[in-house]
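These notes concern the structure reproduced below.
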Amino acid sequence: MLNSLSQETQLILMVIAIGILFALVTWNTKRNKKKLYNRDERNFRKNYSKKKSRK
């Protein structure tokens, strides 16, 4: 499929693909950090007992 494209076009497509992958990884890292925000301050026992008492 890529053989029909010129060398320059292949190079441009590869650079664009790497840029998109970098953007996705950056976005995912930010999302994961947001999920784990203040994780050190959380108390597992309190959260567990609170969830258990709801049932």
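The values are calculated or read from the model by the stated rules, or taken from the named source; none is laboratory data. These figures come from a predicted structure and were not determined experimentally. Quick reminder, even Gly has a Cβ in these numbers, built from the backbone with ideal geometry, and neighbours come from all protein chains shown. Side chains are part of the model used for accessible areas, which takes the heavy atoms of the whole protein and leaves out ligands, DNA and RNA. Shrake-Rupley method; radii C 1.70, N 1.55, O 1.52, S 1.80 Å.
A few points about this structure:
- Using alpha carbons only: equivalent-ellipsoid semi-axes of the chain, gyration tensor based, whole Å: 48, 12, 5
- Ranking Asn32, Thr9, Tyr48 by how far each Cα lies toward the positive end of the dipole of the chain (charges on Cβ) leaves Tyr48 at the top.
- Carbon plus sulfur fraction of accessible area for the chain, probe 1.4 Å, in percent: 61
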